[in-house]
Structures are given as C-alpha cells and as structure tokens.
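Please treat every number below as a calculation from the coordinates, not as lab data. Computed from a predicted structure; not experimentally measured. With ideal geometry, Cβ positions are generated from the backbone for all residues, glycine too; neighbour counts draw on all protein chains shown.
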Amino acid sequence: MARVGVFLLLMSHLIIRVAFQLPSILSDLIIFNAVAFLSALVAWKSPKLNDRLARLTITFAILIWALGSTFSTWNSFYDYQISEHIIDAAYISFYPLMLIGIIRALAVTNKISALEILDTAIIALGTSSVISSLLLRPAQLRFDGQSYEVFLSILYPVGDLVLVATCLSLIILQHRSLRGLSFFLGISIFALTDLFFLLMSATTGYEFAALTDDGWLLGLLLIANGLWLHGGETEINERRINTWATTFALVVSSSILAYGALRANFFPTFVLLLAFLTISLAFIRMALALRDAKMVSEDREHARTDELTGLPNRRRFIAELELLRRRTGTLLLLDLDGFKAINDNFGHEVGDQLLKQITLRFSRVLPSDVLIARLGGDEFGVVVYGERNIGNDVALALRATCTYPFTLSVGDVKVGVSIGSVTTEGPTTTKEALLKRADTAMYEAKRNGTGYVQSQN
C-alpha cells in the first residue's frame, strides 16, 4: 500500500504542475520532497531483500538526495539560504551509496568475489567512458572555463552513467530479473533528467520547477520499488562473463585515450579518467585471472601426481593409455621383488625410502619422452612410444637399475623388478585390455623368475 500511495502522490504532483505552472511552496517544496522521502521509506520497508547493507545504502542514498533537494528548493522560496556546498555534498553522496547498494542488491548471495566486482567495474567504466565522450564533449564546448559549477554540472551525469552502466553490466553478468530491470529503468530515467538539466543549464538556462523535474522522483521511486521485486535465482559467476562486453569496454577506452593523446583537450578530463580506470582495472583483472589459472593448474597437477615419489599417479597414467592405444608404442608394468619383506621387517618409513631411491634410479635411465608413473604400492607403469625394440631397451635399462643394492637407513638392501610388456600397433584395442595383458605378462615374469616377459599379440 505504501508504494501505491507514493505513486499516487507523484501523479498528484504532476497534475498540480500541469494545472498550475507557477512554482509554489505546496507543490515544489512540500509535495515534491515528500515523494522523495517516502521513496526512501519504501526502500527501507522492502520485504524481499535480505541484504541489510544493500537496503541501508539504497535507503540512505535516496534519503540524502531528498535532503539535498529540500535544501535546494528551500533556497528558491526563502531569503535564509542554505550553503550550496552542503547541497552539493548531499547530491554527490548519492552516487557512491547507490553504487554499493545496486551491486549488493543485484547479487543473489552476499559473497561477491573480487573478480565479479572487477568485471562489473570494467564494463561499467568502459561504457561510461564512451557515452560520456559523446555527451560531455558538447557541454565542454558550451561552457566557458572550468568553474566549480561547471565541474558539478558535468560530475552528476558522469555519476549517472556509472550507475547505469553498473546496473546494465550486472544484468549482463546474471540472468535478468524484475529487480534488475526496475533498477535499470529507474536509474536511466534519473540519469536522463540530470542530462536534461545539464543541457538546459548549458543552453537556454534551467527553469526551476520544470515538469521534467519529476523524472528524478520517478527514477528514485522505481529504484525503491525494485527492492520489492524478485532478484533472480542465479548468483553472479565469472564463468558467465560476456567477453564481448569486456572487450568492447577495453577497445573504446583505449581508443579514447589514444585520441586524447593525439588531440590535447579534446575530451573532458572525466572521460580520460574513466578510460584510464577501465584499462587499469583490466590489467588487474588479467593478473588475478592468471593467478587463478595458475592455482587451478597446480591443483590439477597435484591431483595427477603421487605425493611420495613426485611421479604421475594412476589417474595420469590411465589418461596416457588412451593416447598410447592410438599409436605405436609399448606399455610396461613393473612390480618390485622383495619389497613386501622390507616393508614388513623394517616398517613403512624404510619402505618409503626405498621407493624414493628406486624412483630416482628409474628416472635417470629413461629418455625425456618416456612417461613413468607410480600406480600404487610398489607397482609402476611406463609408456614408451616407438617400435617394439625401443620398449625392450627401456625394459632392460630399468631392470639393470636394480642389479646393485640400495643404501637405506637400516643398511644396504637389494630388490629386484618384474616387468610385463605389451606393444600396440594402432587403435586395435582398449586401454583396459592393454592393462590386463601387461599385468598378465608381469605376473608370468614374477612366477617364472625371468624378470621380463613380453605379451604376445
């Protein structure tokens, strides 16, 4: 009911302005600002927003704008003048508060990552830079000098553009929602009103209590109403970033800076600053993305690496077999002879010492293009690409590494190795079949005491 009442009050104000075109205390001081204050109340009473910070910042943004508006209209009717600096401070404070509120309100969860914020900022600032370059250039030409008033007159539309672009980028980054669309519509109307104010001030001159002033109220009310609407089901996710949007932002920002360097004083300082911030944030985003990619790569590597020996693990080895079965090469399965007795007699710590030493010996005799993996316990797997004789040479080299003792903390120990071999001739079998044939050959070698058995095709 509160929302309906505020909308009706706004409509009443519009009717009064149409019927009585002259400014009045009732219409332009009391009713106008009452709509603004009640919009803040509508935002605070919203039942669908659980994020207290978002509700608080949006409510306070609307409230402080309403205070600035009240002070400004007060100066139009009474001799006692409130400082323009206080009014400007209230209006300017609206933008950072609303920016925080929009970002929080359009995120489904309270957990917003740095990358999500950066992606939003890049799109928002990049879009703002190109729009402001088109709109603020004429204003710069119209104004003579860089006075405080000119600074503020341009600052407001720039702030509006940042809000519009931020809202738009958040809608792009997540599924569209009624809340997001209401925010976007409200901020757009608010921004257009500010832009009209700027153009009027720069040309024919702004007239107090113009009918278009209600655009500010309508924009604020739509923003407040958006908090009552559904915010969507999906949280912002960096994987869903629209690359075209970020690319567009970077291209236009770079172009603006380049053109600004070629033609000094062509663009307002605001435009160049927005473009510079866009590119700077893009570099930060790139650095963070590279860091995350490195972390993901390391995690994947750890998931495919044996912790004890540092060799690839069974998962990595099985993946390699898929490649081996499509090419000519040799699969070797190795099992240590006498390892269990050493583990049982001296403990697992000594057994781990042995595994590390034998891994080092194996790695030293293998060519760089040969994959060796620890499959579990004292079992190893080797993939050798090339003709059968290459696989035979590798198997013999691995056996030779076990012909002399290993020096451990308990003294010198000696173990042997049994090797089963199977050679592929192209995609004629499955990796499961390869493993089974190599495993059978290895246990035959262990049973016969020969140390090395080649599986027959």
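Ranked from highest to lowest mean number of other Cβ atoms within 10 Å per residue, what is the order of the peptides 25-31, 178-184? Intermediate results must be reported in sequence, preceding the final value.
Working: 25-31: 16.6, 178-184: 21.9.
Highest-to-lowest ranking by the protection proxy: 178-184, 25-31.
Let me know the charge dipole size of region 314-454 about its Cα centre in debye, to the nearest 20, where only the beta-carbon of Lys, Arg (+1) and Asp, Glu (-1) is charged.
Result for region 314-454 is approximately 260 debye, rounded to the nearest 20.
Which of the listed residues, Gly376, Thr423, Gly347, is farthest toward the dipole's positive end in region 314-454, when Lys, Arg count +1 and Asp, Glu count -1 at the beta-carbon?
After comparing all options, I get Thr423.
When a footprinting reagent is the concern and you count Cβ atoms within 10 Å, what order do Ile86, Ile171 take, fewest first?
Least crowded to most crowded, the residues run Ile86, Ile171.
Scan region 10-112 for chymotrypsin sites (Phe, Trp or Tyr not before Pro) in coil per DSSP, keeping those whose Cβ has at most 12 other Cβ atoms within 10 Å, and list them by number.
Within region 10-112, the qualifying chymotrypsin sites (Phe, Trp or Tyr not before Pro) (loop, at most 12 other Cβ atoms within 10 Å) are Phe20, Tyr78, Tyr80.
What number comes out for the charge environment of Glu425, summing +1 per Lys or Arg and -1 per Asp or Glu over other residues with Cβ under 12 Å away?
+3
Compare the Cα positions of Ala441, Leu332, Ala319 along the charge dipole of region 314-454 (+1 at Cβ of Lys, Arg; -1 at Cβ of Asp, Glu; about the Cα centre) and return the one farthest towards the positive end.
Result: Ala319, furthest along the dipole toward the positive end.
Report the local net charge at Leu333: Lys and Arg +1, Asp and Glu -1, summed over other residues whose C-beta lies under 9 Å from its C-beta.
The answer is -3.
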